[in-house]
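S.K.: Starting off with a structure, shown below.
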Amino acid sequence: MPITRRLFLAAGAGGLLGWRWLASASAGPRALGESGIDRRALVRRHNPRVRQFDPFSALSVGNGNFAFTADATGLQTFIDEYRNDFPLCTCAHWAWHTSPRPAGVRPEDLKYKQYDSHGRSVGYATQRKGQEVLFDWLRENPHRMHLGRVGLILNRADGSQAAPADVSLMGQTLDLWTGTIASEFQFAGQAVRVETTAGHPKFDALAVRIASPLIGMGKLGILLAFPYASPQRDMADWNSPQKHQTRCEKTNGHAVIHRTLDNDHYCACVSWSTGKFEQVGPHEFSVSNGSGGVLEFVIRFRPGEYDNAGDLFSVRQIAQASAQCWEQFWTQGAAIDLSGSSDERAGELERRIVLSQYNTALHCAGPMPPPETGLLFNSWYGKSHLEMHWWHGVHFAAWNRFELLERSLDFYQRILPAAKQIAVRQGYDGVRWPKMVGPNGRDSPSPVGPLLIWQQPHPIYYAELCYRRKPGKETLEKWSKIVFETANFLASFAALEGNRYVLGPPVKSVPENTDATLTRNPTFELAYWRFALSVAQTWRRRLGMNPDAKWADVLDRLSPPPREDGRYLMMEGMSDTYTKWNWEHPSLLGAYGMQSGDGVDADTMRRSLKKVLDVWQWDRC
């Protein structure tokens with residue numbers, strides 16, 4: 001059976017190599033080939049397995065809103081060995097910290113660099129020089145924070161904490177089907193099994209079950225430590241105990257730990273099955289001297305204050321809930337099985353398909369667009385990059401897991417006033433969406449970010465996905481303001497030059513490395529402008545409204561994608577696209593890849609694709 005792009009997208013999955021593919025969640029497993037897919041086998045044959053301490057093999061558990069990343073012991077035991085390459089963090093989408101504002105600076109005092117835009121001066125937050133303190137504070141705040149380290153206490157004979165060299169690894173496995181990590185190793189001549197490291201599917205809670213004779217020997221316990229927040233990659237400042245406060249209320253078998261970091265507050269509710277829970281430092285606690293050979297530990301994080309330590313789950317409850325949730329995830333979305341393929345690349349492709357689904361569900365399915373490194377650690381201070389939201393989330397719709405994308409879409413409703421302020425300040429109609437934001441929606445100053453435009457049509461794309469999933473008045477009413485205000489900006493930003501509309505300057509295109517004052521008519525953005533304005537006009541018709549005359553004029557006279565020698569260029573005038581710039585993002589291809597090709601000639605794009613494949617420097621890309 002030939003598989004067309006339309007058939008692939010309609011079904012939500014494709015079996016391009018193995019000829020077995022599955023579709024709808026509502027219909028349940030069914031096959032359009034030789035047989036149905038054994039989903040459990042498909043998923044579990046790609047379970048990650050770790051046999052040594054390797055920062056780039058750190059494994060995570062979580063639920064889309066909360067994530068815990070562990071080393072090869074199953075917990076955050078050896079954080080120093082991981083910190084520089086792959087910090088081990090405990091994160092939640094609500095966990096943000098704002099450093100005290102430096103004396104003498106106010107956000108409203110930020111100076112904007114003025115750019116000429118077709119004879120009009122427009123200000124962008126791109127200039128750091130002369131206002132370094134304010135610029136850096138706005139850029140770094142708010143930032144995501146590390147909620148707390150949960151690691152093993154492994155005592156040597158002299159009482160000192162063990163190093164990785166003291167541990168002989170037996171193996172660690174992340175069971176993707178249940179979302180649970182199991183870890184085994186030898187220490188001090190005894191076996192240690194961290195049988196369960198699991199996150200609750202709905203709450204910000206972690207469950208741990210450890211089995212070892214060392215527990216009863218007083219050589220193994222749990223360390224719980226809280227850092228001050230940091231905008232750096234590891235989210236944690238372990239050297240400033242005076243900057244934050246930790247207060248503990250303990251009852252029999254439970255404790256509530258209250259955390260205060262400047263004006264930000266959260267709490268951690270803890271329970272343990274055996275041993276003594278005690279405070280061993282200003283911001284550190286231990287569970288040690290347990291009896292028997294098993295220790296169970298649960299910690300649940302909450303924003304704000306909380307005083308009911310009894311509102312906790314057992315390890316068994318969390319592990320069961322995790323298993324049920326992940327089994328539902330794997331069985332109700334689409335799936336691709338490539339095991340029947342003879343292509344030598346099929347196994348690796350299938351592995352990437354499975355692991356990317358796990359990771360994006362865990363790190364990219366929260367209530368706001370995810371940061372570029374999800375809930376692993378801080379890249380760009382943990383802020384969302386709205387141009388990347390499409391890549392992090394739209395695939396959920398293709399896999400028939402639309403609800404995982406939908407969780408983050410209300411963010412655009414919440415930050416609509418902030419986006420309106422940007423457009424008004426710059427003299428444009430509608431709303432101009434920010435680029436790099438925290439939960440408040442305030443755009444971050446940057447030499448590049450404020451000049452990017454390719455995120456502007458995204459909300460119209462999301463709105464159209466919502467309508468295709470649930471066509472009707474309710475969807476139209478919910479999204480129409482965002483669609484129309486976005487389209488107003490798109491039409492306002494396009495400048496009339498002679499008898500055609502152009503995009504930029506100033507503008508930073510997808511690759512980001514060209515001079516913003518010279519960049520004009522990038523191919524990707526031109527196609528996206530056409531798509532978004534066309535969809536916005538369709539929305540007006542759906543609501544019984546006449547087409548918008550301004551949008552129609554821009555659509556009629558928008559510059560065509562620039563081409564030369566029968567191929568598209570990255571942007572207008574970039575004749576050296578395939579010689580000088582052939583190491584950059586080949587974003588011109590996205591106009592007929594990520595997008596549906598509005599205003600694009602298929603034959604020209606086919607020749608462009610062939611040239612890119614022939615000459616691009618993929619080792620530098």
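The values are calculated or read from the model by the stated rules, or taken from the named source; none is laboratory data. Keep in mind that this is a model prediction, so the values were computed, not measured. Using ideal geometry, Cβ is built from the backbone for each residue, glycine included, and neighbour counts are taken over all protein chains shown. The area values use the complete protein model at the heavy-atom level, side chains included, leaving out ligands, DNA and RNA. Shrake-Rupley method; radii C 1.70, N 1.55, O 1.52, S 1.80 Å.
S.K.: In region 440-452, is there at least one residue being hydroxyl-bearing (S, T, Y) and either within 21 Å of the chain's Cα centre (by Cα) or under 29 Å from H143 (Cα atoms) (or both)? Can you show your working first?
M.R.: Residues of region 440-452 hydroxyl-bearing (S, T, Y): 444, 446.
Narrowing the set further to residues that are either within 21 Å of the chain's Cα centre (by Cα) or under 29 Å from H143 (Cα atoms) (or both) leaves 444, 446.
Looking through region 440-452, at least one residue is hydroxyl-bearing (S, T, Y) and either within 21 Å of the chain's Cα centre (by Cα) or under 29 Å from H143 (Cα atoms) (or both).
S.K.: Still on this structure, please answer the following. Search region 496-514 for residues being buried (at least 17 other Cβ atoms within 10 Å of the Cβ) and outside any loop (DSSP other than H, G, I, E, B), and hand back the single one that is farthest from the chain's Cα centre (by Cα).
M.R.: Y501
S.K.: Answer with yes or no whether K470 is at pLDDT 95 or above and either aromatic (F, W, Y) or surrounded by 23 or more Cβ atoms within 10 Å (Cβ to Cβ) (or both). Break it down into steps so the answer makes sense when it comes.
M.R.: Working: at pLDDT 95 or above: yes; either aromatic (F, W, Y) or surrounded by 23 or more Cβ atoms within 10 Å (Cβ to Cβ) (or both): no.
No, not satisfied.
S.K.: Name the single residue that is surrounded by the most Cβ atoms within 10 Å (Cβ to Cβ) among those in region 521-546 being farther than 19 Å from P560 by Cα and among the charged types (D, E, K, R). Even if it seems obvious, please write down each step before you answer.
M.R.: Applying the first criterion (farther than 19 Å from P560 by Cα) to region 521-546 yields 536-546.
Next, from what is left, pick out any that are among the charged types (D, E, K, R): 540-542.
Details: R540: 17, R541: 10, R542: 15.
Step by step, filter region 521-546, then rank; the result is R540.
S.K.: Tally time: how many residues in region 328-378 are in contact with a Lys or Arg (Cβ under 7 Å, 6 or more places away or on another chain) and hydroxyl-bearing (S, T, Y)? Please lay out each step first, then the result.
M.R.: Going residue by residue through region 328-378, those that are in contact with a Lys or Arg (Cβ under 7 Å, 6 or more places away or on another chain) are 330-331, 333, 335, 337, 340, 365-367, 371, 377-378.
Applying the additional criterion that residues be hydroxyl-bearing (S, T, Y) yields 331.
Count: 1.
S.K.: Looking at region 234-253, which of the residues that are charged (D, E, K, R) and modelled with pLDDT under 95 is least open to solvent (accessible area, probe 1.4 Å)?
M.R.: E249
S.K.: Taking T197 as the residue in question, decide whether it is open to solvent by 10 Å² or more (accessible area, probe 1.4 Å) and either under 28 Å from the mean Cα position of the chain (by Cα) or among the hydroxyl-bearing types (S, T, Y) (or both). So that I can check it myself, show each step before the final result.
M.R.: Details: open to solvent by 10 Å² or more (accessible area, probe 1.4 Å): no; either under 28 Å from the mean Cα position of the chain (by Cα) or among the hydroxyl-bearing types (S, T, Y) (or both): yes.
Spelling it out, it is not the case that T197 is open to solvent by 10 Å² or more (accessible area, probe 1.4 Å) and either under 28 Å from the mean Cα position of the chain (by Cα) or among the hydroxyl-bearing types (S, T, Y) (or both).
S.K.: If you don't mind, there's one more thing I want to ask. Is at least one residue of region 397-406 at positive phi and polar (S, T, N, Q)? Step through it out loud before you land on a result.
M.R.: Step one: filter region 397-406 for residues at positive phi, giving 400.
From what is left, the residues that are polar (S, T, N, Q) are 400.
Yes, there is a match, as at least one residue in region 397-406 is at positive phi and polar (S, T, N, Q).
S.K.: Something else now. Sort out which residues of region 432-466 are open to solvent by 40 Å² or more (accessible area, probe 1.4 Å) and of a type in the set (S, T, Y), and write them in order of number.
M.R.: Residues of region 432-466 open to solvent by 40 Å² or more (accessible area, probe 1.4 Å): 439-440, 442-443, 447, 461.
Residue satisfying the conditions is Y461 alone.
S.K.: If I filter region 529-548 for residues that are assigned to a loop (DSSP other than H, G, I, E, B), more than 33 Å from the chain's Cα centre (by Cα) and under 13 Å from S509 (Cβ atoms), do I get at least one hit?
M.R.: From region 529-548, those assigned to a loop (DSSP other than H, G, I, E, B) are 543-548; that's our starting set.
Those still in the list that are more than 33 Å from the chain's Cα centre (by Cα) too: 543-548.
Imposing the further condition that a residue be under 13 Å from S509 (Cβ atoms) reduces the set to none.
No, there is no match, as no residue in region 529-548 is assigned to a loop (DSSP other than H, G, I, E, B), more than 33 Å from the chain's Cα centre (by Cα) and under 13 Å from S509 (Cβ atoms).
S.K.: Also: Assess whether G216 counts as being of a type outside the set (A, V, I, L, M), open to solvent by 10 Å² or more (accessible area, probe 1.4 Å), closer than 24 Å to A319 by Cβ and modelled with pLDDT under 95. Quick ask: steps written out before the conclusion?
M.R.: Numbers: of a type outside the set (A, V, I, L, M): yes; open to solvent by 10 Å² or more (accessible area, probe 1.4 Å): yes; closer than 24 Å to A319 by Cβ: yes; modelled with pLDDT under 95: yes.
The answer is yes for G216.
S.K.: Here is a follow-up. Kindly indicate whether any position in region 222-240 is β-branched (V, I, T) and free of Cβ contacts under 8 Å to residues at least 40 places away in the same chain.
M.R.: Applying the first criterion (β-branched (V, I, T)) to region 222-240 yields 222.
After this cut, where a residue has to be free of Cβ contacts under 8 Å to residues at least 40 places away in the same chain as well, the list is none.
Looking through region 222-240, none of the residues is β-branched (V, I, T) and free of Cβ contacts under 8 Å to residues at least 40 places away in the same chain.
S.K.: What single numbered condition from (1) touching a Ser or Thr at 6+ places or on another chain (Cβ under 8 Å); (2) buried (at least 18 other Cβ atoms within 10 Å of the Cβ); (3) over 21 Å from G449 (Cα atoms); (4) in contact (Cβ under 8 Å) with a residue 60 or more places away in the chain fails to hold for H389?
M.R.: (3)
S.K.: Now a separate question. Mind checking which residues of region 274-304 are modelled with pLDDT of 95 or more and hydroxyl-bearing (S, T, Y)?
M.R.: Passing the criteria: only S286.
One line per residue, one yes/no per condition, for (1) more than 17 Å from V483 (Cα to Cα); (2) hydroxyl-bearing (S, T, Y); (3) touching a residue at least 60 places away in the same chain (Cβ under 8 Å):
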site: H395; (1), (2), (3): yes, no, no
site: W399; (1), (2), (3): yes, no, yes
site: F402; (1), (2), (3): yes, no, yes
site: D410; (1), (2), (3): no, no, no
site: P447; (1), (2), (3): yes, no, yes
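S.K.: Separate question: Starting from residues that are over 18 Å from F53 (Cβ atoms) and small (G, A, S), keep the ones in region 149-190 and report whichever is surrounded by the most Cβ atoms within 10 Å (Cβ to Cβ).
M.R.: The first filter runs over region 149-190 and keeps only residues over 18 Å from F53 (Cβ atoms), leaving 155, 157-160, 175-180, 189-190.
Now drop any that are not small (G, A, S), which leaves 157, 159-160, 179, 189.
Values: A157: 7, G159: 8, S160: 10, G179: 28, G189: 8.
The selected residue is G179.
S.K.: Applying the selection to region 305-358, what residues are open to solvent by 70 Å² or more (accessible area, probe 1.4 Å) and of a type in the set (A, V, I, L, M)?
M.R.: L349
S.K.: Is it fair to say F297 is part of a strand (DSSP E or B), farther than 16 Å from I222 by Cα, of a type in the set (F, W, Y) and open to solvent by less than 20 Å² (accessible area, probe 1.4 Å)?
M.R.: Values: part of a strand (DSSP E or B): yes; farther than 16 Å from I222 by Cα: no; of a type in the set (F, W, Y): yes; open to solvent by less than 20 Å² (accessible area, probe 1.4 Å): yes.
No; evaluated as a whole, the condition is false for this residue.
S.K.: From the list A41, A58, pick out the single residue that is within 30 Å of S339 (Cβ to Cβ) and free of Cβ contacts under 8 Å to residues at least 12 places away in the same chain.
M.R.: Details: A58 fails: free of Cβ contacts under 8 Å to residues at least 12 places away in the same chain.
Unique residue meeting the criteria: A41.
S.K.: Restricting to region 74-119, what's the tally of residues that are farther than 28 Å from V448 by Cβ and surrounded by fewer than 16 Cβ atoms within 10 Å (Cβ to Cβ)?
M.R.: Within region 74-119, residues that are farther than 28 Å from V448 by Cβ and surrounded by fewer than 16 Cβ atoms within 10 Å (Cβ to Cβ) number 2.
S.K.: Tally up the residues in region 37-72 that are surrounded by fewer than 17 Cβ atoms within 10 Å (Cβ to Cβ) and part of a strand (DSSP E or B), please.
M.R.: 1
S.K.: Okay, next question. What are the pairs, 6+ residues apart or on separate chains, where a residue within region 579-604 that is farther than 12 Å from F531 by Cα has its Cβ under 6 Å from a residue that is basic (K, R) and surrounded by 14 or more Cβ atoms within 10 Å (Cβ to Cβ)?
M.R.: Listed pairs, sorted by first residue: T604/R563.
S.K.: Among the residues in region 350-361, are any acidic (D, E) and outside any helix (DSSP H, G or I)? Steps first, please.
M.R.: We begin by selecting, within region 350-361, every residue acidic (D, E); these are 350.
The next check asks that each one be outside any helix (DSSP H, G or I); those that pass are none.
No; the residues of region 350-361 include none that is acidic (D, E) and outside any helix (DSSP H, G or I).
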